[in-house]
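Chemist: Before we start, here is the structure in question, set down as structure tokens.
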Amino acid sequence: MAGKTAGYLYRLDTGYRFEYVPGYAYAGVSLSLPVRDDPYEWDELPPAFAALAPEGWIQKRIAMQEKIDENDAFEMLCRFGQDLIGAVEIEGVE
């Protein structure tokens, strides 16, 4: 956020994890994800991130063009998360 790396979002075999970068001292990426030292973990991609993914006909069009599952919000964010509404940017990292 604001040109600073806030944290890292991972897809694991068991779900998803988000953890803030140690020493990150700015606003959280969402009101539901206040800054803390311990990682957040979920079985499904949490709404704070899933809501940033494309929806509707745009989602279907992107999925068809990019040959990805239209229901894979995580993959959509990794590929197109640099141009989101608001201050959050998501960048895919190998």
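The values are calculated or read from the model by the stated rules, or taken from the named source; none is laboratory data. Being a predicted model, the structure only gives us computed values, none of them experimental. Neighbour counts are summed over all protein chains in view; Cβ atoms, including those assigned to glycine, are modelled from backbone coordinates with ideal geometry.
Chemist: Could you give every pair whose Cβ atoms fall below 9 Å, whose first residue belongs to the range 1-17 and is on the phi > 0 side of the Ramachandran plot and at pLDDT 90 or above, and whose second residue is surrounded by fewer than 13 Cβ atoms within 10 Å (Cβ to Cβ) and not basic (Lys, Arg), counting only separations of at least 6 or pairs across chains?
Modeler: If the second residue must be surrounded by fewer than 13 Cβ atoms within 10 Å (Cβ to Cβ) and not basic (Lys, Arg), the pairs left are 15/43; 15/44.
Chemist: Filter the range 4-20 down to the residues that are of a type outside the set (Ser, Thr, Tyr) and surrounded by fewer than 13 Cβ atoms within 10 Å (Cβ to Cβ) and list them by number.
Modeler: Correct list: 4, 12, 13.
Chemist: Separate question: Give me the residue from the range 33-70 that is under 18 Å from residue 19 (Cα atoms) and among the small types (Gly, Ala, Ser) and, out of that set, surrounded by the most Cβ atoms within 10 Å (Cβ to Cβ).
Modeler: 48
Chemist: Please specify each residue of the range 9-36 satisfying the condition of being touching a Phe, Trp or Tyr at 6+ places or on another chain (Cβ under 7 Å) and part of a strand (DSSP E or B).
Modeler: Selection gives 9, 10, 11, 15, 16, 17, 18, 19.
Chemist: Moving to a separate point now. Looking only at the range 48-67, how many residues end up being in a helix (DSSP H, G or I) and either modelled with pLDDT under 80 or over 9 Å from the mean Cα position of the chain (by Cα) (or both)? Give the derivation first.
Modeler: Of all residues in the range 48-67, those in a helix (DSSP H, G or I) come to 48-50, 56-66.
Still in the list and also either modelled with pLDDT under 80 or over 9 Å from the mean Cα position of the chain (by Cα) (or both): 56-66.
Here the count works out to 11.
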